[in-house]
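The values are calculated or read from the model by the stated rules, or taken from the named source; none is laboratory data. Given the structure is predicted, the values throughout are model-derived calculations rather than measurements. Cβ: placed from backbone, ideal geometry, glycine included. Neighbour counts: every protein chain shown. Just so you know, the surface numbers come from the protein's heavy atoms only, side chains and all, with ligands and any DNA or RNA stripped out. Shrake-Rupley method; radii C 1.70, N 1.55, O 1.52, S 1.80 Å.
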Amino acid sequence: TLSGTSAILYRNNSPQTLDKIYMYLYPNAFRDNQTIRAKEAAQFFVKNLQEQDDAGWIDIKSFRWISETTDGGPINAFKVDDSILEAALPKPLKPGEEIRFELAFTLKVRAFQDRAGYRGTQYDFAQWYPKLCVYDDEGWNKEPMHFLGEFYGEFGTFDMTIDVPFEYIVGATGVVTDGDPGWSLVKVDTSLADTDWQK
């Protein structure tokens, strides 16, 4: 499992007032064989991860809103349907206004399937954290994860900290901003032929 916390500052750049928000919880598409993705995959004779040890999911442990003027409070009025979370906002979010959320979540890492999961001692992560759905000129894009299709993601600036045991090697996009990334520990001889390097 992976435990995470997330702080999200969301600005309503639309001309509409919003009374709810939606988030993608894509790992839930691999929870069991009853999800939309699993049912669609079965039509192509592709099995979803059905053994409980192999399945994956994401659970929201706490969900709070933060205010500039008050302590904010928990968001208890949220529900999860398949891979979409729907939450009522504590007050309407007018055009140009911002709201800050804090979430704590647990991700059960699935056996490797479709870009992510574990295989041996390697862990691949893709679409693994709660992501705000896109609000565009057609409203909220709250489409659950399907077997075929791509992802529609919101733009944002991300500041990320990843804590892992010392012996783990992390490969990720981005720029290291603090601390020794440990590159000297994983240095390879780039003059080797590809087959030799793989060994």
- Looking at the range 130-145, is at least one residue in contact with a strand residue (DSSP E or B) (Cβ under 6 Å, 6 or more places away or on another chain), part of a strand (DSSP E or B), of a type in the set (Val, Ile, Thr) and surrounded by 10 or more Cβ atoms within 10 Å (Cβ to Cβ)? yes
- Note on the structure: Checked against (1) open to solvent by less than 30 Å² (accessible area, probe 1.4 Å); (2) more than 23 Å from the chain's Cα centre (by Cα); (3) of a type outside the set (D, E, K, R), Ala87 satisfies every condition except (2)
- Query: Do we have Ser67 as modelled with pLDDT under 90 and small (Gly, Ala, Ser) here?
  - Reply: yes
- Tabulated pairs, the range 126-138, first in contact (Cβ under 8 Å) with a residue 24 or more places away in the chain and of a type in the set (S, T, N, Q), second surrounded by fewer than 19 Cβ atoms within 10 Å (Cβ to Cβ) and in a loop (DSSP other than H, G, I, E, B), C-beta under 8 angstrom, 6+ apart or interchain: Gln127/Arg115; Gln127/Phe151
- Test: Gln122 is open to solvent by less than 100 Å² (accessible area, probe 1.4 Å), in contact (Cβ under 8 Å) with a residue 24 or more places away in the chain and of a type in the set (S, T, N, Q): no
- Scan the range 17-38 for residues that are free of Cβ contacts under 8 Å to residues at least 24 places away in the same chain, of a type in the set (S, T, N, Q) and closer than 16 Å to Gln113 by Cβ and jot them down. Asn33
- Query: Name the residues in the range 171-199 that are surrounded by 10 or more Cβ atoms within 10 Å (Cβ to Cβ) and outside any helix (DSSP H, G or I), would you?
  - Reply: Val176, Pro181, Gly182, Leu192
- Message: Please verify whether Asp82 is in contact with a Pro (Cβ under 7 Å, 6 or more places away or on another chain) and open to solvent by 20 Å² or more (accessible area, probe 1.4 Å), treating the condition exactly as stated.
- Response: yes
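Okay, residues lined up against (1) in a loop (DSSP other than H, G, I, E, B); (2) open to solvent by 20 Å² or more (accessible area, probe 1.4 Å); (3) of a type in the set (S, T, N, Q):
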{"residue": "Ser3", "(1), (2), (3)": "no, yes, yes"}
{"residue": "Ile8", "(1), (2), (3)": "no, yes, no"}
{"residue": "Met23", "(1), (2), (3)": "no, no, no"}
{"residue": "Ala38", "(1), (2), (3)": "no, no, no"}
{"residue": "Ala41", "(1), (2), (3)": "no, no, no"}
{"residue": "Ala104", "(1), (2), (3)": "no, yes, no"}
- Message: Here's a check for you: in the range 90-102, which residue that is in a strand (DSSP E or B) and open to solvent by 30 Å² or more (accessible area, probe 1.4 Å) is nearest to Phe63 (Cα to Cα)?
- Response: Glu102
